[in-house]
Amino acid sequence: LENLQPEIKTLAERLRYEVSVCGKQRGWSEKVARFHFKKNLRRIVTELYVRDNCHPFKATLLVWVQIPMWVCVSLALRNCSVGAASSEVQEQLSSGGALWFTDLTAPDSTWILPVSLGLVNLLIVEV
């Protein structure tokens, strides 16, 4: 989308000139000329999106899939850790772990995991 912006800008300037010339020839008011400009610019931009296969909705599609998945996984992990699962699963979570987090049912007192997870997600979004 960013790579198309210079091309869209030049096409919009050319279209604005063509609409103003056509508007003067046909005696259009400013409102009618603006309507034709917006309609034709929308058509041109859509053609560019189709040509380069880069519709803006495609960029947000991943987010709309990730959010429900993140909520479901978070709820599943919470249910496992607070005892919604069998006691055997909770025993395994309380005895399994690594490094500074040996009990997976206890909250992280150092905030290393939540902060690092947030920074990694921010890095992914920014990239």
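A few notes on this one:
- Taking every protein chain into account, the accessible area of the chain amounts to 82 square angstrom per residue (probe 1.4 Å).
- Full extension of the chain between Val63 and Arg78 gives 3.2 nm of extra length, using 0.36 nm per residue less the Cα-Cα distance.
- Summing +1 for each Lys or Arg and -1 for each Asp or Glu among the other residues whose beta-carbon sits under 12 angstrom from that of Leu4 gives -2.
- Computed from the Cα positions only, the extents of the stretch 61-126 along the three principal axes stand at 38, 24, 14 Å, in decreasing order.
- Scaling the Cα radius of gyration of the chain by the globular reference 2.2 N^0.38 Å produces a ratio of 1.96.
- What the Cα convex hull of the stretch 3-54 gives, in volume per residue, is 63 Å³.
- Here the dipole of the stretch 1-44 is about 280 debye; that uses its Cα centre as origin and unit charges on the Cβ of Lys and Arg (positive) and Asp and Glu (negative).
- Rounded percent of accessible protein surface that carbon and sulfur make up, the chain, 1.4 Å probe: 64
The values are calculated or read from the model by the stated rules, or taken from the named source; none is laboratory data. Given the structure is predicted, the values throughout are model-derived calculations rather than measurements. Using ideal geometry, Cβ is built from the backbone for each residue, glycine included, and neighbour counts are taken over all protein chains shown. Only protein heavy atoms, including side chains, enter the accessible area calculation; ligands, DNA and RNA are left aside. Shrake-Rupley method; radii C 1.70, N 1.55, O 1.52, S 1.80 Å.
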